Amino acid sequence: MRLTTIGAAGEVTGSATLLETGAARILVDCGLFQGHRHDAERNRDPFPFDPRSLDAVVLTHAHLDHAGRTPLLAERGYEGAVHGTAATIELAELLLRDSAHIQMSDAKRRSRKRAELGLPEVEPLYDLEAVEALLPSLVGHRYGHWSRLADGVRARYHEAGHILGSSSVELECETRAGLRTILFSGDLGSPGRPILRDPAPPPQADIVVCEATYGDRDHRSYADTLAELEELLLEALRGKRKVLVPVFAVGRTQELLYHLATLFREGRVPAMPVVLDSPLASRATAVYRAHEEVYDDEACRAARTIERDLHTLEVTASPDDSKALNYRQGPLVILAGSGMCNGGRILHHLRQGLSREEVDVVFVGYQAHGTLGRRLIDRPRRVRVLGSDVQVNARIHSLGGLSAHAGRSELLEWLDPFARAGARIVLNHGEPGPRASLADALEERTGALALLPGPGDRLEL
Ligand code: ZN
């Protein structure tokens, strides 16, 4: 078998791995590169394979850095199916449509600027039509059931505990050397979290391709993080502060609403105004509500009371409603996308709020290199937001314990049985430092030597 690591090899976006078994060619994930402008430009590069030659495409989950380039596959000649769990497929539809809108408005804005300089306009990476053309080929599957993917390859989806529908995908392949199984972790969540079930990988695999996002550190404990959030909200109430939370529309938003509902219900924080300022997040929240079957028991109970507990929740509709929030006094919590501040409504809240001392900015997810979110975490004195130079007087917080990604110890725990049983371990989806650190820790613990491929590397396994 041969693996080619196309994206997320030594970085955390652009996930895509090509698997060739001799009889079939399978692409696992097909994600957008995100971060700097030059990262976004890489999305336009030709694929290092002919899309027409693929037999199947599988998505581990719906986040755009894993699924966002799939419309390009169809546009460039791929005619087969795109597989994932049922919830992944449902969320992918939402996210891909939204992505097309972003690509189209981004291209329009850049074209306007270029026209002033007498330069030709830019085409969007893809448009809504390209997404609509892809949608009929999306196929949803149940967790834990085998399904045929291509000649000599079948797939099974296991809970990854990262977002709704997220999976570790097990592929069983007929090869010249006999049956071989390869397991793609996808993004892994932390065990013991509310809402989603814990990651539950299969017991055995010959090859394991695992993420390494937080390979160099553990998160603060979940209880400590909730206590920190509680303190922050109480202070916002006392000081009439505005709390800005950049959120990923799918995953973080729903988990945060759950935490806020819990804090209000238990009386730890008096109910205060909360605004969900993300149309995509509102739609994704509805998908979450419709999929109670994949929740843990606690979340099922909570889902039934969440509307009552969060009676202070407002949902904005139009961009004007969103801008009107600039004039609202605190105490107020605003959840807005995008999660890494590389676009979305959070930008105008930041442009208006960063210079104000009575504002808190609270990060709850991973901030990739090159994003505004990453720069803000380093507490700069000034940053550029939407073309304006803004002084940073707001308080900046990182609540690592609410991350959707497993921490270092949890990754090691997940990898341990595979490594001890002699599986080949490949680490991808991590910046160089965290990835190398995880590889060292794994070797120390189990003796296993992990492979750390770069972009475009081919591994014969
Ligand atoms: Zn993800």
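Each value in this text was obtained by applying a stated rule to the coordinates, not by laboratory testing. Values in this document were obtained by computation on a predicted structure and should not be read as measured data. Neighbour counts are summed over all protein chains in view; Cβ atoms, including those assigned to glycine, are modelled from backbone coordinates with ideal geometry.
Positive contributions from Lys and Arg (+1) and negative ones from Asp and Glu (-1), summed over other residues with Cβ under 11 Å from the Cβ of residue 155, come out at +1. Helical content alone sets the calculated 222 nm signal of the chain at -10500 deg cm²/dmol, taking -39,500 (n - 2.57) per DSSP H segment of four or more residues and averaging over every residue.
Computed from the Kirkwood radius of its Cα pairs, the Stokes-Einstein diffusion coefficient for the range 62-120 at 25 °C and 0.890 mPa s stands at 186 µm²/s. In this label model, residue 116 and residue 235 are separated by 3.9 nm, measuring between points 7 Å along each Cα→Cβ vector. The C-alpha atoms of the chain define a longest principal axis, and helix 86-116 lies at about 70 degrees to it.
Exposure proxy ranking for 314, 228, 11, based on other Cβ atoms within 10 angstrom of each Cβ and starting from the fewest, stands as 314, 228, 11. Over all projection directions, the Cα-based convex hull of the range 275-430 averages an area of 12.1 nm². Projected onto its three principal axes, the C-alpha set of the range 175-313 covers 67, 34, 27 Å, listed from the longest axis down. With N as its number of residues, the chain has a Cα radius of gyration that, divided by 2.2 N^0.38 Å, comes to 0.96.
If the chain linking residue 105 and residue 179 were pulled fully straight, counting 0.36 nm for each residue of separation and taking away their Cα-Cα distance, it would gain 21.9 nm. Rounded to the nearest 10 degrees, what's the angle between the helix 297-309 long axis and the longest principal axis of the chain, both from Cα atoms, 0 to 90? Orientation of helix 297-309: about 30 degrees from the principal axis. If you take the Cα centroid of the range 146-163 and the Cα centroid of the range 401-417, the two points sit 21 Å apart. What does the charge count around residue 272 come to, taking other residues whose C-beta lies under 15 Å from its C-beta (Lys +1, Arg +1, Asp -1, Glu -1)? Value of the local net charge: -1. Compared with the dominant Cα axis of the chain, that is its longest principal axis, helix 408-420 is turned about 10°.
Counting 0.36 nm for each residue step from residue 132 to residue 395 and taking away their Cα separation leaves a gain of 90.5 nm.
Let's test the formula: R0 of 25 Å, r as the Cβ-Cβ distance of residue 321 and residue 357. What FRET efficiency results, to the nearest 0.05?
E between residue 321 and residue 357, to the nearest 0.05, is 0.45.
Other residues with beta-carbon under 9 Å from the beta-carbon of residue 7 carry, at +1 per Lys or Arg and -1 per Asp or Glu, a net charge of -1. Taking the inverse of the mean reciprocal distance over all distinct Cα pairs, the Kirkwood hydrodynamic radius of the range 369-461 comes to 16.2 Å. Compute the distance in nm between two label points, each set 7 Å from the Cα along the Cα-to-Cβ direction, one at residue 420 and one at residue 386. Going from the residue 420 label point to the residue 386 one covers 5.4 nm. Taking amide H as placed 1.01 Å from N in the peptide plane, the amide H of residue 366 sits under 5 Å from that of 404, each at least 5 places away or on another chain.
Note: relative contact order over the chain, using C-alpha pairs below 8 Å and six or more positions apart, is 19 percent.
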